[in-house]
Each structure stands twice: as structure tokens, then as C-alpha cells.
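Shown below is the structure under consideration.
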Amino acid sequence: MGTLTFDSFDPATGAVVGSHPNQGSDAVHEAVGRADEAAAWWAGLGHEERRRRLLDYKAVVTQHLRELATLVHQETGKPVGDATLEIVLAITHIDWAARNARKVLGRRRVGTGMIGLNLAATLEYLPLGVVAVIGPWNYPVFTPMGSIAYALAAGNAVVFKPSELTPGVGVRLAELFAESVPEHPVFQAVTGLGETGAALAGDPRVRKVAFTGSTATAKRVMAACAENLTPIVAECGGKDAFIVDADADVARAADACLWGAMSNAGQTCVGVERVYVVDAVYESFMRELSGRVAKVRAGEDYGPITMPGQVDIIKRHIDDAAKSGKVIAGGPASVRAPYVDPVIVEDVPEDSPAVREETFGPTITVRRTRDAHEALQLANASAYGLGGTVFSKNARRAMELARMMRSGMTAINSVISFAGVPALPFGGVGDSGFGRIHGADGLREFARPKAISRQRFAMPGMNLTSFARGPAELDRLIRLVTFLHGRRKR
Ligand code: NDP
């Protein structure tokens with residue numbers, strides 16, 4: 001591996017925030033080895049003790065909220081207030097995962113049915129062992145914690161590779177865990193560049209990889225995982241649509257749309273990128289949107305573009321959209337690295353990069369549609385399918401549209417609200433990835449079902465799994481199954 005250390009930078013000033021070891025494959029494999037031993041100990045603690053330790057960790061993170069928020073601010077450039085919000089959400093997820101792990105994963109009896117009348121059946125979800133979490137930089141606490149907290153609550157050890165842009169935050173999250181769990185390295189961070197993540201994903205002792213990042217890198221990670229048949233949960237961003245129906249509160253919709261699109265400089269996997277507004281409210285919505293966007297400032301309301309290379313992608317999308325569509329706010333001159341001012345362009349062709357590819361910047365395209373049905377069709381015509389929004393005062397209609405939206409999550413009359421509900425699973429379809437973090441599904445994602453059937457007594461005259469079985473037993477079985485299942489429902 002190349003250099004021994006690498007630096008993280010404040011994207012607003014370019015100042016060095018911290019220096020971290022660039023850990024090569026040997027160091028990564030050692031960490032996984034330690035995690036493997038720690039995993040056995042952690043699994044052996046049982047649900048109650050893990051719950052106690054995780055709730056303690058939650059308190060430690062809460063006590064360090066200001067310090068962590070400052071670090072997130074330094075490494076990502078986002079305002080301290082936004083960093084605080086992200087950490088608060090992460091805290092609620094640690095809490096939910098800790099409190100619900102036993103209920104969701106613990107041993108329970110399940111029904112055996114008539115044919116299994118003489119059996120007792122139990123189901124429980126056991127830890128996998130070592131879980132590798134490969135994290136992003138845009139929400140360096142909230143996003144990885146959606147995997148880390150759930151994997152830990154499910155009884156696994158975690159080795160976390162934070163993005164090379166936000167290593168300090170990742171290291172601190174693991175350090176703080178050791179305050180609640182000092183005995184074994186149940187949660188470790190390894191730092192480095194892409195190769196460090198590749199070494200982690202390729203370690204055969206890793207039982208599951210939780211990846212967040214681009215679709216292209218997810219494919220590479222998945223290819224590395226294929227070697228060992230290591231399963232993966234992949235959260236790869238999106239191109240989320242925002243639908244404004246004819247009866248929407250347009251002022252609220254415009255306010256929410258703007259925040260969903262521009263906050264965190266648009267560097268949000270479930271950020272608003274495409275807006276579809278039905279004809280009846282188009283003019284009034286655009287008036288509200290234009291009025292509000294004029295007051296939003298890069299460098300004040302949101303920070304710089306965290307990843308320098310992203311500026312070129314954002315610029316390419318804006319330049320192209322400005323040529324083919326009508327600019328409502330900002331334009332090519334809005335890109336003044338590391339900042340990008342808000343950009344709104346309408347009537348951009350649906351096959352343009354700004355409509356098809358993830359921009360990850362403070363930009364939106366807006367299109368007028370005949371009705372909500374057309375809006376939904378356009379919203380669904382994307383390779384991505386992560387989140388989305390519907391604004392409508394008619395709750396039934398909004399539910400209908402939300403259910404038909406091809407995405408993992410949809411918010412109604414609010415943006416991104418699902419992310420703050422720990423019980424709701426989070427994840428996408430198509431190019432947005434697969435698998436789920438958060439909620440009961442997020443706990444089960446990091447566990448393996450263990451099914452046990454126990455014979456309580458021998459069923460007289462019904463020993464079906466024996467070479468001693470005779471025609472009389474089969475006859476009884478056929479009569480029983482005909483009684484149970486033989487009646488048609490027409
Ligand atoms: P990547 O997908 O390249 O990186 C995501 C994570 O994977 C980082 O921790 C990265 O480490 C790590 N990584 C990179 N290469 C490998 C590899 N071969 N094996 C294992 N791990 C690897 O995303 P970027 O940060 O470069 O951002 C690129 C684009 O991804 C953005 O423009 C945005 O569109 C999208 N994105 C989506 C996010 C989301 O929330 N879904 C979050 C971040 C980005 P390192 O940082 O050290 O390279």
C-alpha cells in the first residue's frame with residue numbers, strides 16, 4: 001500500500017482536520033481477526049446485557065453530541081446545526097435497535113400446523129459474526145449508524161471503514177463505544193482509502209457487508225464478496241422524485257421541496273432531485289419556489305460540496321440542463337467550488353443527465369404534468385428507486401400514489417420524514433441497491449434465522465419419515481390432507 005497516513009480536510013477551507021493511518025490488508029485482516037473473537041464474546045452476552053451496553057453507548061454519544069457535531073462540520077463542511085440533527089437521528093436509531101432486538105430476534109414458538117401436531121417449533125435470529133460496514137461521507141454518523149447499531153444489537157461485531165473524507169468521525173464513534181464496552185473490540189474502525197475497504201470486503205471471516213456509496217462501487221464490492229459468498233446490503237443513492245398533486249398545500253410543498261433538495265448541499269441519498277407538479281398548481285407552486293429559493297445561500301444555509309470531484313458532475317448536469325431547459329434560479333455560474341448556489345431548471349428533457357443520473361448537488365429539475373398519474377409514471381421511469389415525496393391534501397389519494405411509487409420509502413406532506421422513524425426499514429430497489437437497514441427488517445438483515453423443530457410425542461399410526469411406513473399410514477395422510485386442503489374456494 002502507498003502512503004502510511006492520509007489526511008482529512010475541511011472542504012470549506014482546505015485545512016487539515018486530522019491524519020489517519022492508511023491501513024493495508026494486513027492491518028485490516030488483523031482487525032477482522034480481533035473482531036471475530038470479540039463477536040463470540042458479544043453474542044454470548046445475550047440480548048439483555050447487549051441492550052444495557054448499547055443504551056449506555058447511546059448516552060455516551062449523546063454526551064459527546066457537540067464534539068461530534070463539530071467534527072462532522074469540520075470533515076464535511078455542513079453547518080453544525082445540520083450535523084447535530086444527523087447525530088440526534090442516529091441516537092434515536094441506537095435506542096430503537098437496542099430496545100427492540102430481543103422482541104424482533106429473540107426465540108419464539110411458531111405454530112406447527114395439523115400435520116406437525118406432535119412437534120414444537122421455535123424460531124430465533126442468531127448473530128452472523130463479523131459485519132463490515134463501508135460508509136459514506138455525506139451523513140458520516142447517521143448513515144453508517146443505520147447499519148452499525150442494528151448489527152451490534154443483533155449480536156455481531158462490527159469493523160467500520162469510514163469514507164476517506166470523514167475518517168475522524170468514524171474513529172471517534174468506535175472510540176466512544178469502547179467506553180461502554182471496554183472488554184473486547186466489538187466495534188472497531190479501520191481507516192484508509194478504497195483499497196482498505198476492498199481488503200475488508202474480501203476478508204473471508206466477514207459474514208456480511210453493509211455498503212453505502214455509489215452504484216458503481218457497490219458492484220465492485222459485490223464482486224469481491226462473491227469470492228467468499230459473503231452477502232451484502234447495498235444502499236447506493238437515488239434520483240428521488242417529488243410529486244405535487246392538484247390539491248397540495250403549495251406553500252408547504254415548496255418549502256419542503258427546497259429543503260429536501262438543497263439542504264446538505266443536495267448531498268443526500270434521499271434528497272429531492274426531480275420535481276413533478278400537476279398543471280393545476282404549477283404556476284402557484286413555482287411562484288412559491290422561486291420566492292423562497294432567492295433567500296437560500298450556499299455557505300450559510302448549507303455548506304460546500306464535500307467531495308471535490310463531485311463538483312465536476314454537478315457542473316456537467318447544470319450546464320447540460322441550462323442548455324436544454326429554462327433556468328428558474330442559478331445556472332452555470334452557480335458553481336463556484338467548493339460552493340454551489342441553488343439551481344432550479346424547468347422543462348429539462350427526461351433523458352438528460354440532470355434527470356437520469358444522481359447529481360448529489362443543490363439542484364432540481366421541475367416538470368409540469370397533466371395529472372398525478374403522469375407525474376407518477378415519470379417518477380417511476382428511473383433506474384433508481386430509493387425514496388420520494390408526495391404532496392396532497394387528500395390522504396387516500398396520497399397513500400395510493402405513495403404505494404405506487406417505485407421506491408423503498410415515500411414521505412407524504414413532508415420530506416425524508418421516514419428516516420426519522422426508526423421502525424421503518426430503509427433501502428431501495430433497482431440501482432438504489434437492495435436489503436434494508438433500520439427497523440425490524442434492519443435487525444434481521446444482520447442475523448440468520450435459526451429454525452428448530454422438536455418432536456414432543458410419536459404420532460400413533462402416522463410415522464411418515466420411516467421405512468416402516470405402510471399403505472395405511474399413507475391412506476390416513478391422504479384423508480387428512482384432503483380434509484384440510486381439498487375444498488376448493490370457488
Ligand atoms: P464510493 O461509492 O466510491 O465510496 C463509498 C465508500 O466505499 C467509501 O467508504 C469508499 O472509501 C469505499 N470504497 C471505494 N472503493 C471501494 C472498493 N473497491 N471496495 C470497498 N470499498 C470501497 O463513493 P464516493 O464517496 O466516491 O462518491 C461517489 C458518488 O457516490 C457520489 O457522487 C454520490 O453520487 C454517490 N454516493 C452516494 C451516497 C449515498 O448516500 N447513497 C453516499 C456517498 C456517495 P473511500 O472514501 O476511502 O474511497
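The values are calculated or read from the model by the stated rules, or taken from the named source; none is laboratory data. All of these numbers come straight from a predicted model, not from anything done at the bench. Positions of Cβ are backbone-derived with ideal geometry, glycine not excepted, and every protein chain shown enters the neighbour counts.
Of the residues Gly113, Gly155, Gly146, only one is out of contact with any Ser or Thr (no Cβ under 8 Å at 6 or more places or on another chain) and either within 16 Å of the ligand (Cβ to nearest atom) or aromatic (Phe, Trp, Tyr) (or both); which?
Gly146
Quick check on Ala372: is it buried (at least 23 other Cβ atoms within 10 Å of the Cβ) and either at pLDDT below 95 or closer than 13 Å to Val278 by Cα (or both)?
yes
Considering Ala174, Ala90, which residue is within 16 Å of the ligand (Cβ to nearest atom), closer than 27 Å to Thr3 by Cβ and small (Gly, Ala, Ser)?
Result of the check over Ala174, Ala90: Ala174.
Six or more apart or on different chains, Cβ under 8 Å: which pairs go from a residue in region 215-244 that's closer than 19 Å to Gly194 by Cβ to one that's at pLDDT below 95 and crowded, with 24+ Cβ neighbours inside 10 Å? Could you list them?
From residues that are closer than 19 Å to Gly194 by Cβ, the pairs are Thr215/Gly237.
Name every residue in region 346-366 that is buried (at least 20 other Cβ atoms within 10 Å of the Cβ) and under 28 Å from the mean Cα position of the chain (by Cα), in order of residue number.
Ala354, Val355, Glu358, Thr359, Phe360, Gly361, Pro362, Thr363, Ile364, Thr365, Val366
Something else: Would you check which residues across region 419-429 are touching a residue at least 40 places away in the same chain (Cβ under 8 Å), crowded, with 17+ Cβ neighbours inside 10 Å and within 16 Å of the ligand (Cβ to nearest atom) and list them?
Ala419, Phe426, Gly427, Gly428
Next question. What about Val415, is it within 16 Å of the ligand (Cβ to nearest atom) and either farther than 19 Å from Gly237 by Cα or part of a loop (DSSP other than H, G, I, E, B) (or both)?
Against the criterion (within 16 Å of the ligand (Cβ to nearest atom) and either farther than 19 Å from Gly237 by Cα or part of a loop (DSSP other than H, G, I, E, B) (or both)), Val415 qualifies.
Which numbered condition in (1) in contact (Cβ under 8 Å) with a residue 24 or more places away in the chain; (2) assigned to a loop (DSSP other than H, G, I, E, B) is the only one that Arg207 fails?
(2)
Search region 202-248 for residues being among the basic types (Lys, Arg) and more than 15 Å from the ligand (Cβ to nearest atom), and hand back the single one that is surrounded by the fewest Cβ atoms within 10 Å (Cβ to Cβ).
Among residues in region 202-248 that are among the basic types (Lys, Arg) and more than 15 Å from the ligand (Cβ to nearest atom), the one surrounded by the fewest Cβ atoms within 10 Å (Cβ to Cβ) is Arg205.
Sticking with this structure for a sec: Here are some residues: Ser466, Ser453. Which one is more than 17 Å from the chain's Cα centre (by Cα), within 15 Å of Leu119 (Cβ to Cβ), surrounded by fewer than 22 Cβ atoms within 10 Å (Cβ to Cβ) and among the hydroxyl-bearing types (Ser, Thr, Tyr)?
Testing whether each residue is more than 17 Å from the chain's Cα centre (by Cα), within 15 Å of Leu119 (Cβ to Cβ), surrounded by fewer than 22 Cβ atoms within 10 Å (Cβ to Cβ) and among the hydroxyl-bearing types (Ser, Thr, Tyr) leaves just Ser453.
With (1) among the hydrophobic types (A, V, I, L, M, F, W, C); (2) near the ligand (Cβ under 10 Å from one of its atoms); (3) surrounded by fewer than 17 Cβ atoms within 10 Å (Cβ to Cβ) as the list, and Ala251 as the residue in question, which single condition is left unmet?
If we test Ala251 against (1) among the hydrophobic types (A, V, I, L, M, F, W, C); (2) near the ligand (Cβ under 10 Å from one of its atoms); (3) surrounded by fewer than 17 Cβ atoms within 10 Å (Cβ to Cβ), just (2) comes out false.
For region 186-201: of the residues being near the ligand (Cβ under 6 Å from one of its atoms) and in a helix (DSSP H, G or I), which is surrounded by the fewest Cβ atoms within 10 Å (Cβ to Cβ)?
Step by step, filter region 186-201, then rank; the result is Gly194.
Is it fair to say Asn100 is of a type in the set (S, T, N, Q) and either within 16 Å of the ligand (Cβ to nearest atom) or in contact with a Ser or Thr (Cβ under 7 Å, 6 or more places away or on another chain) (or both)?
no
Looking only at region 251-272, which residues are over 19 Å from the mean Cα position of the chain (by Cα) and of a type in the set (A, V, I, L, M)?
Ala251, Ala253, Ala254, Ala256, Leu258, Met262
So Glu183 ticks every box in (1) within 16 Å of the ligand (Cβ to nearest atom); (2) of a type outside the set (Lys, Arg); (3) assigned to a loop (DSSP other than H, G, I, E, B) but one. Which box is left unticked?
(1)
Spot the failing condition for Ser392; the list is (1) surrounded by 17 or more Cβ atoms within 10 Å (Cβ to Cβ); (2) under 25 Å from the mean Cα position of the chain (by Cα), and only one is missed.
Unmet condition: (2).
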